[in-house]
Structure formats: structure tokens, C-alpha cells
Amino acid sequence: MNERLWELYLAVCQDEVRPLGEFIDRLLAREWGSYPKDDVLELIREIESQVLSNIQVKALEGPRYAEQAEAVSEQTQREFEDLILRVEQAPDPP
């Protein structure tokens with residue numbers, strides 16, 4: 001995992017409370033310099049894994065959450081698939 005990307009993610013998405021999609025757009029625009037696509041994809045997959053894990057933990061908190069867990073997980077996976085596709089289709093840095 002690229003530590004600099006992780007730190008940027010934490011600063012932008014956690015501290016500044018900006019959406020992940022915006023963060024990815026800013027990365028692709030090279031706002032913080034150029035990062036290899038593989039590093040960005042690895043970051044996205046790590047975040048996805050953590051989010052899906054959090055959904056499962058929340059599902060254990062009660063029947064209401066458990067009922068929604070599958071639908072929320074599927075929606076989350078679709079959102080991350082879109083982010084991955086966006087990165088894969090982005091032009092390579094010069």
C-alpha cells in the first residue's frame with residue numbers, strides 16, 4: 001500500500017470529509033502529483049474492503065441493520081466498481 005496515498009485519503013476523506021469520488025477525481029487530475037494506477041486501484045480496493053467489513057459489523061448490531069446489509073453491500077460494491085473503472089479508463093500520465 002502506498003503510504004502517501006493512504007495519508008492523502010485520510011486527510012481529504014476523513015479529516016476534510018470530502019467524498020471518495022471527488023478524491024479519486026482529484027487524484028486522476030494529478031492534484032498531488034502522479035501516482036501509478038496500480039497504487040490507486042490498491043487503495044480503492046483496501047477502502048472497499050474496510051467499508052464492506054464495517055457493513056458486516058453493523059449488521060451484527062441488530063435485525064434492522066442485518067436486513068439492510070446485503071442491499072447496502074451490493075450498492076457499495078457497485079460504487080467501488082465504478083471508481084475502479086474510472087481509474088482504469090483514465091489516461092496514463094505522460
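All of the numbers you see were taken from the coordinates with simple rules; none came from a lab. Nothing here was measured: the structure is a model prediction, and the numbers come from that model. Methodologically, a virtual Cβ is constructed for each residue, glycine included, from the backbone with ideal geometry; neighbour enumeration extends over all protein chains shown.
Here are the numbers:
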{"item": "Karplus 3J(HN,Hα) series, Hz, for region 59-72 with 6.51 cos²θ - 1.76 cosθ + 1.60 (x for Gly, Pro)", "result": "4, 6, 7, x, x, 4, 5, 4, 4, 8, 4, 5, 5, 5"}
{"item": "Estimated dipole of the chain in Debye, rounded to 20 [Cβ of Lys and Arg +1, of Asp and Glu -1, Cα centre]", "result": "100 debye"}
{"item": "Segment Glu70-Leu10, extension gain: residue separation times 0.36 nm, minus the distance between their alpha carbons", "result": "18.9 nm"}
{"item": "Dimensionless Rg/Rh of the chain - Kirkwood Rh, Rg from C-alpha atoms", "result": "1.03"}
{"item": "Computed over region 42-94, Cα set: Rg, Dmax in Å", "result": "14.1, 51"}
{"item": "Kirkwood Rh (inverse of mean 1/r, distinct Cα pairs), region 1-49, angstrom", "result": "10.7 Å"}
